[in-house]
1. Grab the other residues whose beta carbon is less than 12 angstrom from that of residue 164, score K and R as +1, D and E as -1, and report the net.
2. I'd like the FRET efficiency for residue 88 and residue 2, computed as 1/(1 + (r/R0)^6) with the beta carbon distance as r and R0 of 25 Å, rounded to 0.05.
3. Using the C-alpha gyration tensor of region 1-117, what are the square roots of 5 times its eigenvalues, in whole angstrom, with the largest one first?
4. Show which lysines lie in cross-link reach of residue 152 when reach means a straight Cα distance below 25 angstrom and same-chain residues fewer than eight apart are skipped.
5. Once you have the Kirkwood Rh of region 66-168 from its Cα pairs, apply Stokes-Einstein at 4 °C and 1.567 mPa s and quote D in µm²/s.
6. With +1 on each Lys and Arg Cβ and -1 on each Asp and Glu Cβ, how big is the dipole of region 44-143 about its Cα centre, in debye rounded to the nearest 20?
7. Could you tell me the relative contact order of the chain? Use alpha-carbon pairs under 8 Å, at least six residues apart, and round to a whole percent.
8. Of all beta bridges DSSP finds with both residues in region 1-109, what is the antiparallel percent, to the nearest 5?
Amino acid sequence: MEIKTVALIGAGAVGCYFVAGLKEKSGENLWVIAEGERKERLEREGLWINGQQFFPCVKAPEEAVGADLILVSVKYGGLEKILPWIETMTDSHTVVMSLLNGVDSEEIIGERIGNQHMVYSMMKIASERDGNSIVYDPSVTQGVFFGEADRKRSERVEAIAALFEGTDIRYTICSDIIRD
């Protein structure tokens, strides 16, 4: 398995960590998912991350069908709204990682698209958002922790690690992500 396309839902304080970290390696295969005015604003103004401007490839959910990896980084209160987006974008091979705080977002998403798509994860980052500008300190950011709920080191966990390898994204593969 190889992850070639990454769809990011939620380009806020957490999501921008992945925009900055994956932009060079993934290029036009890194998609920020948005609709309407938000999509237009992102295309027009881009994102400011640690003082650098990024113009990510912005797609509507229906333009991102079959993404290899979906990263969900909306606020918990916005999860219900984007469930139809995730459902639209998910294909039989799609892997989904929910980066939301809390312990039940994977179950909520999994009920909608099937738990077989979920790789459990959590983020450790201190960041601030002010309008279209995100600031975080890469030197103290612990990054993303992930693994399979059944504690196995799967091919898809290895594929996610391969995607992050050689980027500025810090990651830890957890042997027991549910406990962690």
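Taken together, the values in this text are just the output of simple stated rules run on the coordinates, not laboratory data. Since we're looking at a predicted model, the values are computed, not measured. Heads up, the Cβs are rebuilt from the backbone with ideal geometry, glycines too, and the neighbour counts pull from every protein chain shown.
1. On the way: positive: 25, 170; negative: 158, 165, 168.
The answer is -1.
2. Working: r = 23 Å, r/R0 = 0.91.
FRET efficiency, residue 88 to residue 2: 0.65.
3. On the way: eigenvalues 94, 48, 36 Å².
Ellipsoid half-lengths, sorted descending, are 22, 15, 13 Å.
4. Of all the lysines, those that pass the test against residue 152 - Cα under 25 Å, at least 8 places apart if same chain - are 4, 124.
5. Answer from the Stokes-Einstein relation: 88 µm²/s.
6. Working: 7 positive and 14 negative charges, 49 e Å.
For region 44-143, the charge dipole is close to 240 debye.
7. Numbers: 353 pairs, mean separation 39.0, N = 180.
Averaging sequence separation for qualifying contacts and normalising by length gives 22 percent for the chain.
8. Working: 3 of 18 bridges.
So the antiparallel bridges in region 1-109 amount to around 15 percent.
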